[in-house]
Amino acid sequence: MSDIGQILAARDRQSGHVRQTPLLSSPMLDAIAGRRLLVKAECLQHTGSFKFRGAWSAITGLPEESIRRGVIAYSSGNHAQGVALAARLRELPACIIMPSDAPWPKIRNTQELGADVVLYDRVRESREEVVERVNAVRNLALIRPFDEPLVIAGQGTCGLEIAEQAGQARIDQAEVLVCCGGGGLTSGIALALENRAPGLRPRPCEPEGFDDVARSLDAGTIKTNARVSGSICDAILTPAPGELTFPIMKRLCGAGAGIVVSEEDCLRAMALAYAHLKIVIEPGGAVALAAALFHPDHISSDTVVAVASGGNVDPSMFRRALDRLGSDAKKTAGASD
């Protein structure tokens, strides 16, 4: 089980390898949100998402003898790229199992980082079974995307940064909204905040139809999604919260913590982030910002931190988001931050 000690150790191993991402703000976004809004720009992390933190933590934290043949992972794209880069930097072979409907730029980028990509049909096949079949021959070290203590610890370093940056801004009370799939980032951040900034409350945010974490927290037991695909928020589509991550979220987030947003909310948030923060966010990485901007009734604090967890967006999807600048973003398009 991950704890603050593992998170601090992960931060030590990250020194010189992982970027400290900024906490951004805009008066225009504050006005839309109706409160002070800070955006943790993990879209500026290596490989374009927070996933490099967990990948580096795992690859540098596992015993040398267990990874000498290389590593294997399954991912729709962001964990894939994080593991591929971490393995490349450590001069290790990497094999990544990816769904065939993953955005092509994510598949291409993973390959260009040197990983061997094996595609599968996520509707008809189990990714775990594909890994087992491939690994029967290759015998590589499996790095799970969220249900792995070293990965959770690596993601927790984002929480350490939020705590430190909030402290520098003299913020001791806030809600921290986190884009949530299996819960690795949310649980890691929650553990870090519990220790370093207990006045900052972590809250998982999910797309409609894939709100397994919110429903699980409300029920007090793990619930699954009826579907495994069919949302533009591909980066955070998981069947259910993890066996390791759920108890952490249950204890530190609790019932009623989850916020669920629509795909339209995500597209609008992407457009506004570009217009006012000059950052590019993918749909799954915009879920927390969408919650902060368009679901004010679910937030009680005067300050909210939204984690922009990833920016690996297909150009056509980004153009689709920018079309929304003609609606609510247009109202402030001529203003200067």
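The values are calculated or read from the model by the stated rules, or taken from the named source; none is laboratory data. This is a predicted model, so every value here is computed, not measured. Neighbour counts are summed over all protein chains in view; Cβ atoms, including those assigned to glycine, are modelled from backbone coordinates with ideal geometry. The accessibility values were calculated without ligands, DNA or RNA, using every heavy atom of the protein model including side chains. Shrake-Rupley method; radii C 1.70, N 1.55, O 1.52, S 1.80 Å.
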Checklist entry - Out of all the residues in segment 146-176, which are under 20 Å from Ser187 (Cβ atoms) and either among the acidic types (Asp, Glu) or at pLDDT below 95 (or both)? => result Asp147, Glu148, Glu161, Glu164, Glu175
Item to check | Residue list for segment 122-153, restricted to those being buried (at least 18 other Cβ atoms within 10 Å of the Cβ), closer than 30 Å to Ala9 by Cβ and free of Cβ contacts under 8 Å to residues at least 60 places away in the same chain | outcome: Arg127, Val131
Checklist entry - Among (1) in contact with a helix residue (DSSP H, G or I) (Cβ under 6 Å, 6 or more places away or on another chain); (2) farther than 21 Å from Cys158 by Cα, which single condition is Trp56 missing? => result (2)
Checklist entry - If you scan segment 190-218, which residues turn out to be of a type in the set (Gly, Ala, Ser), assigned to a helix (DSSP H, G or I) and either touching a helix residue (DSSP H, G or I) at 6+ places or on another chain (Cβ under 7 Å) or free of Cβ contacts under 8 Å to residues at least 24 places away in the same chain (or both)? => result Ala190, Ala192, Ser216
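Kindly indicate whether Glu194 is of a type in the set (Asp, Glu), modelled with pLDDT of 95 or more, within 18 Å of Gly285 (Cβ to Cβ) and open to solvent by 10 Å² or more (accessible area, probe 1.4 Å). Steps first, please.
Values: of a type in the set (Asp, Glu): yes; modelled with pLDDT of 95 or more: yes; within 18 Å of Gly285 (Cβ to Cβ): no; open to solvent by 10 Å² or more (accessible area, probe 1.4 Å): yes.
It is false that Glu194 is of a type in the set (Asp, Glu), modelled with pLDDT of 95 or more, within 18 Å of Gly285 (Cβ to Cβ) and open to solvent by 10 Å² or more (accessible area, probe 1.4 Å).
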Next on the checklist: Testing Pro241 on (1) assigned to a loop (DSSP other than H, G, I, E, B); (2) at negative phi; (3) open to solvent by 50 Å² or more (accessible area, probe 1.4 Å), one condition comes back false. Which one is that?
Outcome noted: (3)
Checklist entry - So is Ala306 open to solvent by less than 10 Å² (accessible area, probe 1.4 Å) and at pLDDT below 95 or not? => result no
Checklist outcome for this item: Of the candidates Ala226, Ala255, the one satisfying the condition of being touching a helix residue (DSSP H, G or I) at 6+ places or on another chain (Cβ under 8 Å), assigned to a loop (DSSP other than H, G, I, E, B) and surrounded by fewer than 18 Cβ atoms within 10 Å (Cβ to Cβ) is Ala255
Checklist entry - Counting only residues that are surrounded by fewer than 20 Cβ atoms within 10 Å (Cβ to Cβ) and in contact with a Ser or Thr (Cβ under 9 Å, 6 or more places away or on another chain), which one in segment 1-10 is farthest from Ala169 (Cα to Cα)? => result Ala9
Checklist entry - Scanning for something open to solvent by 10 Å² or more (accessible area, probe 1.4 Å), touching a residue at least 24 places away in the same chain (Cβ under 8 Å) and more than 22 Å from Gln165 (Cα to Cα), does segment 36-45 turn up at least one residue? => result no
Item to check | All positions within segment 262-311 that are within 23 Å of Arg170 (Cβ to Cβ) and not in a helix (DSSP H, G or I) | outcome: Ile299, Ser300, Ser301, Asp302, Thr303, Val304, Val305, Ala306, Val307, Ala308
Next on the checklist: Please determine whether any residue of segment 218-225 is at pLDDT 95 or above, of a type in the set (Lys, Arg) and more than 16 Å from the chain's Cα centre (by Cα).
Outcome noted: yes
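Looking only at segment 164-184, which residues are among the aliphatic types (A, V, I, L, M) and either surrounded by fewer than 23 Cβ atoms within 10 Å (Cβ to Cβ) or in contact with a Pro (Cβ under 9 Å, 6 or more places away or on another chain) (or both)?
Within segment 164-184, the subset among the aliphatic types (A, V, I, L, M) is 166, 169, 171, 174, 176-178.
Ala169, Ile171, Val176, Leu177, Val178 - these are the residues of segment 164-184 that are among the aliphatic types (A, V, I, L, M) and either surrounded by fewer than 23 Cβ atoms within 10 Å (Cβ to Cβ) or in contact with a Pro (Cβ under 9 Å, 6 or more places away or on another chain) (or both).
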